[in-house]
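First comes the structure, then the notes that go with it.
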Amino acid sequence: MKLTKILTVMLASIVLLAFTQNPEKDKKVDHHNKIVSIAQDTDQLSTLVTAVKAADLVETLNGEGPFTVFAPRNQAFSNLPDGTLDMLLKEENKGQLQNILTYHVVSGKIMSSDLKDGQMVETVQGNKIKVSLSDGAMINGANVVKADVEASNGVVHIIDAVIMPSDNEEKEDMESGY
């Protein structure tokens, strides 16, 4: 009799537990192996991670994607004119920082083997970047120092410079009607 009561209570508890749990609520988003996680796990991309956080782009880059990120390594940020990085990281310059960082991102997963010499690739920011393969892989003059770091939502190519959108490019696009 006691065993029957214990089994009944256990069964009732299991049924109650099954009906009270919300699987959507308990579902956690797995950011492991996403682009931001890859960057956080790569010592030479710590400055980029700081910039992505300051620009409020973490959630975007952890999105479904796929994205191709041409990720400037720490030394690239160090090579900017004195005070530039500190200025960009300020809250009031978030829009400018987002503009620069999204210039390093392309929609879709583009592996190094997909790149062609002279290819122009449109960035998420809206302007295009130029691929050069004549002296090793380069993006707008920045050398690709490590290619094809795969993420679950895209790919990261580490570059040795911060590439900047050109005001001239924007003016040319407006003049040509694009």
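Pull out the extension gain between ASN143 and LYS53, defined as 0.36 nm times the separation in residues minus the alpha carbon to alpha carbon distance; nm, one decimal. Display every interim value, and only then the final one.
Working: separation 90, 0.36 × 90 = 32.40 nm, distance 2.45 nm.
30.0 nm is the gain from fully extending ASN143 to LYS53.
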**Complete:** In Å³ per residue, the alpha-carbon convex hull of segment 32-176 encloses 111 Å³
**Asked** Along segment 134-144, what does the Karplus equation 6.51 cos²θ - 1.76 cosθ + 1.60 (θ = phi - 60°) give for ³J(HN,Hα), rounded to whole Hz, x for Gly and Pro?
**Response** 5, 10, x, 6, 9, 10, 6, x, 8, 6, 7
**Fill in**
Under the 7 Å Cα-to-Cβ spin-label approximation, LYS109 and ASN93 lie apart by a distance in nanometres of 3.5 nm
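Going by a ≥ b ≥ c, the root eigenvalues of the Cα gyration tensor, does segment 38-88 fall in the rounded group (a/c under 1.5), the prolate group (a/b larger than b/c) or the oblate group? Could the numbers behind the result be given before it?
Numbers: a/c = 2.27, a/b = 1.65, b/c = 1.38.
It is prolate, given that a/c is not under 1.5 and a/b is the larger ratio.
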**Prompt:** How big, on average over all directions, is the shadow cast by the Cα convex hull of segment 50-117, in nm²?
**Reply:** 5.5 nm²
**Complete:** The ³J(HN,Hα) series, computed from each phi in segment 59-75 with the Karplus coefficients 6.51, -1.76 and 1.60 at θ = phi - 60°, rounded to the nearest Hz and given as x for glycine or proline, is 4, 4, 6, 8, x, 4, x, x, 10, 10, 10, 8, 9, x, 7, 3, 4
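Using the structure shown, select from LYS53/LYS116; LYS53/LYS109; LYS34/LYS116 the pairs with a Cα to Cα distance greater than 28 angstrom. List each step's numbers first, then the result.
On the way: LYS53/LYS116 32 Å; LYS53/LYS109 22 Å; LYS34/LYS116 26 Å.
Going by Cα-Cα distance, LYS53/LYS116 fall outside the 28 Å limit.
Under the 0.36 nm per residue contour assumption, what length would be gained going from the current alpha-carbon distance of LYS130 and LYS116 to full extension? Before the final figure, lay out the partial values.
Working: separation 14, 0.36 × 14 = 5.04 nm, distance 0.97 nm.
That pair, LYS130 and LYS116, stretches by 4.1 nm at full extension.
Read-outs throughout are calculated quantities, based only on the coordinates presented, and are distinct from any laboratory measurement. Since the model is a prediction, treat every value here as computed from it, not as a measurement. Methodologically, a virtual Cβ is constructed for each residue, glycine included, from the backbone with ideal geometry; neighbour enumeration extends over all protein chains shown.
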